[in-house]
Amino acid sequence: MDSWSNYLERPETPAESRLFAHLQRQAKEAHPTEAIALFRQLFMDGNHYPVASILSDLDFIVDAGFAQSDYKYILNRSCYIFINAWWSFPNHRIFIPELIRVFEEPATSPFRSRMVMRQRALAQEFTQTQQYYALQRTAMAIEAEWDYTRYSESEKPLETIVSRYPYIYEYNLLTRDSNLDQRHTVQAVRKEAQRKFDVSLARYEAFRATHQSAPESEKAQKNPTLLRSEQLDFAMQQFKGKVDGSNTQRGLAQHFLTYSQWTRSYRDYKRDLYDYLVPVLQGRFSQGKHHFNQRLADHLQKTLSQHDSQSPNPALTEYTCKRLLNFLVVESAQRPDHANFFDLLGNIGSTLTISLLLKIVLLCGSAKPWLEKRLAILFNHYADRPKRDVIWLVEALENTNIALSVNFSCSS
């Protein structure tokens with residue numbers, strides 16, 4: 001049984017309950033600067049805290065047998081008590097990154113006891129956990145405030161631009177121990193970030209429509225992506241415009257959905273699905289033994305082949321779309337092989353690759369979060385790499401931003 005399961009099943013001690021209640025009062029009543037100072041004094045210094053009983057409670061927690069495995073969850077929850085309380089107030093929200101970085105600051109006062117030494121050691125260990133990495137990315141997402149030039153240096157690690165991709169927030173800013181309040185906060189962060197991007201993209205699109213050839217257009221209306229203007233224009237055409245002379249991607253998906261209602265067998269459905277997808281690939285891969293089109297056809301043919309004679313149904317089609325995304329992007333965090341995704345990007349480019357994935361999620365709404373999770377897995381896999389080394393992934397993430405914005409935003 002892992003440590004999270006143990007923590008989840010272990011009854012909360014009275015000391016923990018009193019600690020959390022105390023922090024909740026501070027989050028509501030104290031100004032953020034005062035609250036952060038007290039937070040630092042309690043969890044990092046461990047000396048002369050104004051509420052002696054809370055210091056005693058923390059000593060009990062630190063000395064308990066469960067501390068080694070559970071203290072990271074206790075600290076994570078303590079941080080989120082303040083994040084949840086401050087998020088609704090923009091004037092308070094700006095203090096969240098400072099609170100999170102308290103753990104990166106060395107304690108300045110001498111420790112008063114063996115208990116404080118252990119407390120500081122556990123706090124230091126916390127900075128190496130998945131819980132703290134998620135908190136750091138939360139700080140980056142809040143701090144960035146959609147300043148698109150803030151992280152332009154190519155040597156910065158990929159994770160510094162997590163704020164640009166709202167669709168991976170739940171998978172990069174939360175961990176298994178995140179409670180409902182934490183999830184609501186991150187969903188609110190995502191919603192606001194998505195709204196800002198949608199507005200910026202719509203304004204840019206409107207400006208380009210009337211100033212297409214004006215050399216000063218880029219300066220007058222900022223490109224809200226990390227793509228070049230011509231790349232962004234091509235992406236908008238693919239994701240929103242007519243891709244076959246008369247139909248948009250959404251229109252093609254609707255035609256397929258209408259037609260597939262009359263498909264007699266699951267085998268026929270998979271053949272029709274291949275025909276629906278393959279125009280994006282035609283003529284763009286070199287022929288040969290490992291031709292991508294054939295690999296795609298083989299994958300679909302083998303998918304749930306035991307059900308080939310059945311009539312298609314929602315469960316079968318959803319499973320097929322999700323399995324297809326695993327095949328095209330990445331299987332899982334445990335099996336992060338993404339050779340097919342890399343192959344697609346190298347042969348048809350990032351925009352057409354994302355266009356292929358968009359065709360799938362337009363058929364099956366429940367596949368959209370599945371795609372988002374696949375991309376989050378890749379983001380996590382390369383999070384510490386310099387951006388210059390993963391330009392292919394940055395371009396794919398940027399194209400996904402555009403595709404989801406123009407097809408799934410409230411204004412679409």
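The values are calculated or read from the model by the stated rules, or taken from the named source; none is laboratory data. In this text, all values refer to a predicted model and were calculated from it rather than measured experimentally. When we count neighbours, we look across all protein chains shown, and the Cβ atoms used for this are built from the backbone with ideal geometry, even at glycine. Each accessible area value is taken on the protein alone, full model and side chains, heavy atoms only, with ligands, DNA and RNA left out. Shrake-Rupley method; radii C 1.70, N 1.55, O 1.52, S 1.80 Å.
For this structure, a couple of remarks:
- Cα-based shape type of segment 242-362, given that a ≥ b ≥ c are square roots of the gyration tensor eigenvalues and the cut on a/c is 1.5: oblate
- Rounded percent of accessible protein surface that carbon and sulfur make up, the chain, 1.4 Å probe: 51
- Listed by chain and number, the aspartates and glutamates whose alpha-carbon sits under 19 Å from that of Lys302, ignoring those within fewer than 8 places in the same chain, are Asp268, Asp272, Asp275, Glu318, Glu331.
- When +1 charges are put on Lys and Arg Cβ atoms and -1 charges on Asp and Glu Cβ atoms, the dipole computed for segment 1-115 relative to its Cα centre reaches about 200 debye.
- Using C-alpha pairs below 8 Å separated by at least 6 residues, the relative contact order for the chain is 16 percent.
- On Cα atoms only, tilt of 391-408 relative to the major axis of the chain in degrees: 80
- With respect to the chain, whose longest principal axis is taken over its alpha-carbon atoms, helix 14-29 is tilted by about 80°.
- Label-point separation, Leu180 to Tyr49 (7 Å along Cα→Cβ), nm: 2.8
- Rounded to the nearest 10 degrees, the angle from helix 249-260 to the longest Cα principal axis of the chain is 70 degrees.
- Whole-Hz couplings from phi, Karplus 6.51/-1.76/1.60, listed for segment 224-238; x for Gly and Pro: x, 10, 9, 8, 6, 4, 5, 5, 5, 4, 5, 4, 4, 5, 5
- Projecting the Cα atoms of Leu378, Ile360, Ile402 onto the dipole axis of segment 342-402, where Lys and Arg carry +1 and Asp and Glu carry -1 at the beta carbon, places Ile360 farthest toward the positive end.
- Were the residues from Arg228 through Thr258 laid out at 0.36 nm apart, the gain over their Cα-Cα distance would be 7.1 nm.
- Cross-link partners of Lys191 among lysines, defined as those whose alpha carbon lies under 23 angstrom from its own and excluding same-chain residues fewer than eight positions apart: Lys222, Lys240, Lys368, Lys373.
- Global geometry of segment 1-134, whether rounded, prolate or oblate, following the gyration tensor of its Cα atoms and the 1.5 cut on a/c: rounded
- Heavy-atom SASA rank of Asp244, Asp272 (probe 1.4 Å, accessible area, largest first): Asp244, Asp272
- For Gly46, no residue whose modelled amide H falls within less than 5 Å of its own remains once neighbours fewer than 5 places apart on the same chain are excluded.
- Placed amide H near Thr248: partners under 5 Å, 5+ positions off or other chain: Val243
- Max mean-square fluctuation residue, GNM over the chain, Cα-Cα springs under 10 Å, options Glu143, Glu16, Glu372: Glu16
- Residue among Ala333, Gln68, Leu296 farthest towards the positive dipole end of the chain, charges placed on Cβ: Leu296
- Label point distance in nm, Ala37-Ile391, each placed 7 Å from Cα along Cα→Cβ: 4.9
- R0 of 25 Å, Cβ-Cβ distance Ser366-Gln310: FRET efficiency to nearest 0.05: 0.80
- In the full protein context, the chain carries 48 Å² of accessible surface per residue, based on a 1.4 Å probe and ignoring ligands, DNA and RNA.
- Label of the coordinate-derived value, percent of Cα pairs over 39 Å apart, listed as (1) 31; (2) 60; (3) 23: (1)
- Whether segment 286-346 is rounded, prolate or oblate, judged on the alpha carbon gyration tensor where a/c under 1.5 counts as rounded: oblate
- Full extension of the segment from Asp244 to Gln128, taken as 0.36 nm per residue of separation minus the current Cα-Cα distance, would add 36.7 nm.
- Segment 91-102 - phi-based ³J(HN,Hα) in whole Hz, Karplus 6.51/-1.76/1.60, Gly and Pro as x: 5, 8, 4, 5, 8, 4, x, 5, 4, 5, 7, 4
- Residue-by-residue Karplus 3J(HN,Hα) for segment 291-298, coefficients 6.51, -1.76, 1.60, Hz, glycine and proline x: 3, 4, 4, 5, 4, 5, 4, 5
- For the chain, the dipole from Cβ point charges (+1 on Lys and Arg, -1 on Asp and Glu) about the Cα centre works out to 800 debye, to the nearest 20.
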